[in-house]
Amino acid sequence: MPKKTIAVHTATGCRTCELALLDIHYQVQRLHRLADIVYWPYLLGSQHTDLARLDAIDVCFFAGAVRTSGERRMAEQLRAKSRLLVALGACAGFGGMPGLANLVKETGPLQAAKSADAPLDPTLELPALEPQVASLTQVVAVDYVVPGCPPTQNLVWSALQAVLGEAGSQAHLSYAAGRLPKKVAQAMASGVPPPRGTVFAGEKAVCASCSRVKEQKRFESVKRPYQAYESTGRCLLEQGLVCSGIATREGCGGLCTGAGIPCRGCFGKPEAVYDPGAKMVAAISSTFDAEKPQKIDAVVEQFLDLAGTFYRYTLPTQCALLNIQEKG
Amino acid sequence: MSGFEPKIIAFLCNWCSYVAADAAGVSRLAQQPNVRVIRVFCSGMVDPGYVVKAFASGADGVLVAGCHPGDCHYIAGNIKALRRARLLEKLLHELGVEKGRFRLEWIAASESPRYVQVINTMCDEIRRLGPFAKPAGQADPAVSVASQT
């Protein structure tokens, strides 16, 4: 069987997802045997002209959010050429941190930059900014989403195996069977790509795989990760830290919470959660005990930047209020 | 905005506010007909997700009403509603939803005139605000100040 061809591209993002593709331990040696990398600007210095020469690509890993018209064109071009398009990471999948720009009205620096004088080199033409930051999934049809910021090793490797049609080793199969949705595990075992639209992560919330103990205790005041708290054992939310575990899809195995860092929500929301912000409001407000209105206000005042915290990686796609269709 | 009629979703608690709304109807108190009432067993059971979903599904305003503090049929459900409402108000404000579209009120079973007054003032206020549209985000003061210097 001829080797499959892979393309990797990052739009608005930090390129850590590209590093995550290589951060697969010794399996990285097998990657070359599974596939030919035909376009990867970060690693191979590929140019746009290299992409233009390609007729078709088997699998394209696209990371980063879509912020400019140039990135939109790139996404459309890669979609047209690729048999399978994989949104790699939270930015491509849900909008990611660049998506938080949608919270701010266009005033100040952004407008100033748009209306600034001509660039220093008049032959250069800057691509226009899109009105809103979008995820790859909002711009073109995407076959699979591999969430995470960046996606974790095991998920990246299982996604690679599944989309390249390569049956995995026993160890990886048992990982897939235990942690990933059934259809992904089946795809890996059979070597047939999973159904379109599959998210390479679990189905429940992070709390399901978190090692911490919930004691039905309430917190008195809000803490932030630099302040002193019990870094082992007890549920972080019950200690007053804003941990997004309950509104976030599992699959990471509770890596951050296991190390004592509150969940930041990089896997997006699970299917069963309607709106991650509303879910977090519900979770937090039943975990503090204040009864007098003044005391409640005092606790609420301690929370900083709720929208930026609850929709940290998902604002363009998963915030119900920002995704209202115009009334017809 | 002459033809605009607001849609308001009201989550009323079974033991106080719903009785007040019922009594307001029986006593023929004049009230604006823009309210869709949903009876819930306690204001403490109104998940913030319901409120967000109401807005996302076309409501222009959401009212949650329960018993006065200390009168809750389930001891402290209304206090739970208060904690949620304060946090939710903060989140909605950050997303750019105007103040006044979401309200939490305490209305006892005997306070039907108060129910009518809350409904009418809320309708007037939302009529003034216009239809609920996708929040356009907030002008971040920090950003605007930086641009001026």
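Remarks
- Among A:C60, A:C210, the order by Cβ neighbours within 10 angstrom, fewest to most, reads A:C210, A:C60.
- Dividing the mean sequence gap of close Cα pairs (under 8 Å, 6+ apart) by how many residues the stretch B:8-148 holds gives a relative contact order of 33 percent.
- With respect to chain A, whose longest principal axis is taken over its alpha-carbon atoms, helix A:293-302 is tilted by about 30°.
- Seen from B:S43, the other residues with C-beta closer than 10 Å to its C-beta sum to a net charge of +1, counting Lys and Arg as +1 and Asp and Glu as -1.
- Here the relative contact order of the stretch A:206-323, from alpha carbon pairs under 8 Å that lie six or more residues apart, stands at 27 percent.
- Straight-distance candidates among the lysines for linking to A:K269, with alpha-carbon spacing under 18 Å and chain neighbours fewer than 8 residues away dropped: A:K204, A:K279, B:K53.
- Amide H contacts of A:L241 (H built 1.01 Å from N, under 5 Å, at least 5 apart or other chain): A:K223
- C-alpha long axis of helix A:170-179 to longest principal axis of chain A, angle in °: 40
- The angle between the Cα long axis of helix B:17-26 and the main principal axis of chain B comes to about 70°, on a 0 to 90 degree scale.
- When each of the peptides B:97-108, B:120-131, A:19-30, A:148-159 is scored by the mean number of other C-beta atoms lying within 10 Å of its residues, the order from highest to lowest reads A:148-159, B:97-108, B:120-131, A:19-30.
- Computed over chain A: relative contact order in percent, which uses C-alpha pairs under 8 Å that are six or more apart: 17
- Residue order, fewest to most beta carbons within 10 Å, for A:S135, A:S211, A:S46: A:S211, A:S46, A:S135
- Stretch gain in nm, segment A:S69-A:I261, where the contour uses 0.36 nm per residue and the Cα spacing is subtracted: 65.4 nm
- Antiparallel DSSP beta bridges within the stretch B:8-148, as percent of all bridges there, nearest 5: 0
- Candidate aspartates and glutamates - alpha carbon under 14 Å from A:K3, same-chain residues fewer than 8 apart omitted: A:D36, A:D58, A:E166
- Taking Cβ atoms as reference points and 13 Å as the exclusive limit, the residues near B:A85 contribute a net charge of +4, counting Lys and Arg as +1 and Asp and Glu as -1.
- Remark: A:F303, B:F132, A:F200 ranked as A:F303, B:F132, A:F200, counting other beta-carbon atoms within 10 Å and listing the fewest first.
- If the convex hull is drawn through the Cα atoms of the stretch B:8-148, its volume per residue in Å³: 108
- Lysines with Cα under 21 Å of A:K105, excluding same-chain neighbours fewer than 8 positions away: A:K114, B:K90, B:K99, B:K134
Since every read-out is calculated from the coordinates, none of them should be taken as a lab result. Remember, predicted model here, so these are calculated numbers, not experimental data. Positions of Cβ are backbone-derived with ideal geometry, glycine not excepted, and every protein chain shown enters the neighbour counts.
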